[in-house]
Amino acid sequence: MGEKKQLFGHEIAVLEHSRNIIADATKTKEEVIGDYKNLCDHYEEMLDQSKLITKVSDKLQNKLNSANAALADKNQELQETIDELTKAKIGKKAATITFGLAVVLFVLSEGIFDPFIESFAKKVFIDNPNQAALIQYSTVILWTSMFGKLIMALLLKPLETFIEEYLLKKAIKQQKALKAINA
Amino acid sequence: MEIFELDAKNHTPYIKLDHTTGIMELKGRSTPENSVEFYDPVNKWLIQFINEAVTIPVIVKLKFEYFNTSSSKCILDVLKKFAEFKKTGADVKVEWYYEQDDDDMKEAAEDYSDIVKIPFEIIEIPED
């Protein structure tokens, strides 16, 4: 063992001393009894130490277990907060995309769909240039345009939900891939 | 003889052994990689302190958050040194501080007080 300190260095020294006594044939009975008493005292001391260390160690293990359980709870809370944050972030992103799409659809409606309806209705009026046809022409333009915009407006919410779900699935996949890399 | 002082690190406690005031402090977390090696200078200082037969009353202040099994043996060895010092007629007492609700550390202190023949005062630190 050399000069290296050991946790039970003193106890090992006592044991070695006791073994040397057994090997020593020159010892008298009284000397052996004295050494035996000494060994008993050391044994008692070591037994007390063992009891103490075992008890204390178990108690501190409990403390460690409690700390681990608290840590696991905190991790769970943290994960839930991260999930909520991710959801909120994705919701915001989906709303932005939907708003962008709504603007595009509105521009398309005003620039392409409405002029198309208008030209179609005009064609009907030119073929039939009377008061009834003019009314019909105006009504068709008005209602078709409004109906188109209504459909667009009604589709916005389901579209936003769809985009949100898609982005969420993508984020979950990314998180799983990250966890697999870290594991 | 000089004051022995060690700063706390992630796995080792703060230690200050002051022969001028008689206050011996060990506080923090004790989970060193090699407890025997870590506590060896402490034991050596204590042997020197005992041999100098200082007459000042000694207060051993212990405030552990956590310690591993090998540290528990080393702490016992340190306390035994103080018990030896007390046998010489010195005035020695231990103050063991524990955080409120930390029953495990309180019970650990009680276990130590059962085995070490020094007056033990187990003191609860109230939460802020």
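Here's a check for you: in segment B:50-61, which residue that is in contact with a strand residue (DSSP E or B) (Cβ under 6 Å, 6 or more places away or on another chain) and free of Cβ contacts under 8 Å to residues at least 40 places away in the same chain is least open to solvent (accessible area, probe 1.4 Å)?
Just the residues of segment B:50-61 that are in contact with a strand residue (DSSP E or B) (Cβ under 6 Å, 6 or more places away or on another chain), to begin with: B:58-61.
If we keep only those that are free of Cβ contacts under 8 Å to residues at least 40 places away in the same chain as well, we get B:58-59, B:61.
On the way: B:Val58: 3, B:Ile59: 50, B:Lys61: 61 Å².
Among them, the one singled out is B:Val58.
Note on segment B:1-60: residues that are in a helix (DSSP H, G or I) and under 20 Å from A:Lys5 (Cα atoms) amount to 14. Does A:Lys74 count as part of a helix (DSSP H, G or I) and surrounded by 13 or more Cβ atoms within 10 Å (Cβ to Cβ)? The answer is no for A:Lys74. On the stretch given as segment B:111-128, residues that are within 11 Å of chain A (Cβ to nearest Cβ) and more than 14 Å from the chain's Cα centre (by Cα) total 3. Considered as a group, the residues in segment B:116-128 that are modelled with pLDDT of 90 or more and in contact with a helix residue (DSSP H, G or I) (Cβ under 8 Å, 6 or more places away or on another chain) include one that is farthest from B:Lys73 (Cα to Cα), and that residue is B:Glu124. Scanning segment A:59-75 for residues being of a type in the set (Lys, Arg) and either at the interface with chain B (Cβ under 8 Å from one of its Cβ atoms) or in contact with a Pro (Cβ under 7 Å, 6 or more places away or on another chain) (or both) gives a total of 2. Being open to solvent by 60 Å² or more (accessible area, probe 1.4 Å), modelled with pLDDT under 85 and among the acidic types (Asp, Glu) holds for only one residue in A:Glu3, A:Glu45, and it is A:Glu3. For segment A:25-56, a residue qualifies if it is away from chain B (no Cβ under 11 Å), out of contact with any helix residue (DSSP H, G or I) (no Cβ under 9 Å at 6 or more places or on another chain) and either aliphatic (A, V, I, L, M) or outside any helix (DSSP H, G or I) (or both), and the qualifying residues are A:Ala25, A:Thr26, A:Thr28, A:Ile33.
The values are calculated or read from the model by the stated rules, or taken from the named source; none is laboratory data. Note that the coordinates shown come from a computational prediction; the quantities given were computed from them, not determined experimentally. No Cβ is skipped: glycine too gets one built from the backbone with ideal geometry, and neighbour counts run over all protein chains shown. Side chains included, ligands, DNA and RNA excluded: accessible areas come from the protein's heavy atoms. Shrake-Rupley method; radii C 1.70, N 1.55, O 1.52, S 1.80 Å.
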